Structures are given as structure tokens and as C-alpha cells.
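To start, the structure itself, in C-alpha cells.
The values are calculated or read from the model by the stated rules, or taken from the named source; none is laboratory data. In this text the structure is predicted, and so the values were computed from the model without any measurement. A quick note on method: Cβ atoms are made from the backbone with ideal geometry, for glycine too, and the neighbour counts reach across all protein chains shown. Surface accessibility is based on the protein's heavy atoms, side chains included, excluding ligands, DNA and RNA. Shrake-Rupley method; radii C 1.70, N 1.55, O 1.52, S 1.80 Å.
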Amino acid sequence: MEFLENINGMLTGSLGEFGPAIVLGGLGLFMILLMIPLLLNQREDPLKKFKRDQTTKSQAKPKKERLRQGNRNEQLQKFASFLEPQNEEELSAMQLTLRQAGYGSRDAVRFFHFAQFALAIIGLVAGLVYVFVMNDADLFDTQQRLIRIIAPGGVGYMLPKYWVTRRVEARKEAITAGFPDSLDMMLVCVEAGQSLDQSIVRVAKELHASYPELAEEFEIVAYEMKAGKDKTMVLKDMGVRCGVPDISSFVTVLVQSATFGTSIAEALRVYAGEMRDKRVMRAEEAANKLPTKMTLATMGLTVPPLLIILVGPSAMGISEFGNMSN
């Protein structure tokens, strides 16, 4: 017991009253970091492997389907219950958000939550190193220590969400910028005699250099149509996946044109003209906002120098007159 009391007194004297708790937390964090590589590299259970092989043989799936179903990360599959939301609505919403950000792989949700977990741990370790290694722990009280330890972990946890949000906004802007040009190109293809499916394939091929995000969405539409999926559902899925109002309206136009039997070329011509006008209006709106945004910067950069030039000599004269009178 004396040995434990000596250790407790040493930790309390060097780290403060929460010294033992901090050391235990650091040891627990170290054990977690040590166990993660071991869990990721552990060998698969032979019984589970045998059951999976027997299930695969009994189902007798074609080779292409087996390859399509087996392209998930097996290491992340072990932690699926921890790295994926258990609520189906939350999982679907997270998948949609990541698809809108351009991350369409089947393991995107797991990678996202793994990144949050890993960056939070790295932030906590960085906070501990900053407080107890790079600085003297006695310089901070208990509240300051906790803030400096927990804050980097919180920042690391929120960093993937911030990144995904920025990616979603940037991708929506890129799709919106290239959509009028894609409509003009699609109109040319349809008027040249191609079907809507062929024109979508052609537009996807031509847009790769200038607008890769929009080209990727059109490629997905072309592949789904080739796979035999209903054209209306494919177009609606594209509108949901992009999250851009212009594309949602475009999908509505095409669906109504197919429903009522009107000419797709005429519908595309009218809608393409509206999109060109809308792009001009967005450019004019941005140009009209610019003077307002520059007002504060202009005032901040010009008013202080003017005050110094105009008021400075008078202030100097008043101060000199006051010294002379004294």
C-alpha cells in the first residue's frame, strides 16, 4: 500500500489533484490505439470463412455478381456495427450526403465515421502532448487543462463533417455552372437524330474535361438505363443525388414530356433557353453584390488613414499648445 500511496503522491504533486485520473486516461487511450491495428490485422475466423464459402457455393452466383458483392472493405466490415448508424433513416441520409459530396463507394459511411473517430483520438493525444510535454502542467489550472485537451479532440471530430459540407457546396456549384452547357449539347444531339439515352452518353463523354462532376452524374444515369432500370426512376434519382434545383426541374420537364407525349427536343430547347437566362441573372446578381461587399473593406482601409492625415496634425498642435501653457 505504501508503494501505491507513494505513486499517488508523486502523480498528485507533478500533475495536480487529477494526476492519477489523467494517467489512467492516458493509459486507456494508449491501449485503445494499440488494439486498433491488432484488430484490423487479425486473421479471419476459419469457421466464418468456411460458412461464407459454403453460402457462396450454394447460391451459385455468377462471377460478375460475386465480384460486385465482394468489393467491400473486409477490415471495416468487422466494425460495421460501430462505424455505421443503426437507424436506417440516418444511414440513408448519411449516404445521400456523401454521394452529394462525390463519395459514392459502399464503404463511404464507414470511412467517414472512422475518420471522425481517428481524428478525435489524434486531437486528444495532441492536446495531452501540448499540456504535459511541451508546456509545464502547473501553468494551467484544471479547467484550462481540460479545455486544451478536449478542444483538439472536438475539432478533429468535427473536421470530416466540415470537409464533407464544403465538398457538397462546391460540387453543387460546379454542377450548376455546367448544367446550361450540357443542356445545349443535349439539344444538339437530340435534334441531330439521337435518342435521349444516346445523347446522355454523348454529353457525359464530352463534359469530362470541363465539368467532371456533371459528367459523372450523366454516366451514372447512362449505366442505370443500360442496366434496364426505369427511365423515370433513373432521372428522379439523379435529381435527388445532385441536390440541385435546376436538375430537379429538368427531371420534371423530361418526365412530363414523356408522360404527355410531347417533343423532347422542344422541351429541351425551351428549358435550355431558361437555363441560359438564369445563368446570366446569377452573374448579374453576383456583380451587383460586389459593391456592397467591398464597402466595409473600403471603409476599413481608407477611413483610418484619412483620420490620421486630417486629425493627426490638429491633435499634435493641441498637445504642443498644452505643453507650452504648462
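Check whether at least one residue in the stretch 119-128 is open to solvent by 70 Å² or more (accessible area, probe 1.4 Å) and of a type in the set (A, V, I, L, M), and report yes or no. Yes: one or more hits. For the criterion of being free of Cβ contacts under 8 Å to residues at least 24 places away in the same chain and either crowded, with 18+ Cβ neighbours inside 10 Å or outside any helix (DSSP H, G or I) (or both), residue 203 passes. If you go through the stretch 227-284 and keep only what is in a loop (DSSP other than H, G, I, E, B), surrounded by fewer than 16 Cβ atoms within 10 Å (Cβ to Cβ) and not hydrophobic (A, V, I, L, M, F, W, C), you end up with 228, 229, 230, 261, 262, 263.
Looking at the stretch 158-196, which of its residues are open to solvent by less than 80 Å² (accessible area, probe 1.4 Å) and more than 30 Å from residue 232 (Cα to Cα)?
Answer for the stretch 158-196, where residues must be open to solvent by less than 80 Å² (accessible area, probe 1.4 Å) and more than 30 Å from residue 232 (Cα to Cα): just 160.
On inspection, residue 132 passes the criterion of being of a type in the set (Phe, Trp, Tyr), open to solvent by less than 70 Å² (accessible area, probe 1.4 Å) and touching a Gly at 6+ places or on another chain (Cβ under 9 Å).
Just to be sure, is residue 213 open to solvent by 30 Å² or more (accessible area, probe 1.4 Å) and either in contact (Cβ under 8 Å) with a residue 24 or more places away in the chain or farther than 24 Å from residue 280 by Cβ (or both)? It is true that residue 213 is open to solvent by 30 Å² or more (accessible area, probe 1.4 Å) and either in contact (Cβ under 8 Å) with a residue 24 or more places away in the chain or farther than 24 Å from residue 280 by Cβ (or both). Considered as a group, the residues in the stretch 139-157 that are closer than 13 Å to residue 123 by Cα and without any contact (Cβ under 8 Å) to a residue 24 or more places away in the chain include one that is surrounded by the fewest Cβ atoms within 10 Å (Cβ to Cβ), and that residue is 147.
So is residue 160 assigned to a helix (DSSP H, G or I), more than 28 Å from residue 255 (Cβ to Cβ) and at pLDDT 90 or above or not? Considered against the rule, which asks whether it is assigned to a helix (DSSP H, G or I), more than 28 Å from residue 255 (Cβ to Cβ) and at pLDDT 90 or above, residue 160 comes out as yes. Out of the residues in the stretch 285-311 that are open to solvent by less than 80 Å² (accessible area, probe 1.4 Å) and within 31 Å of the chain's Cα centre (by Cα), state the one that is farthest from residue 180 (Cα to Cα). Only one residue fits best here, namely 297. Residue-level analysis places residue 193 outside the set of residues that are farther than 19 Å from residue 242 by Cβ and within 25 Å of the chain's Cα centre (by Cα).
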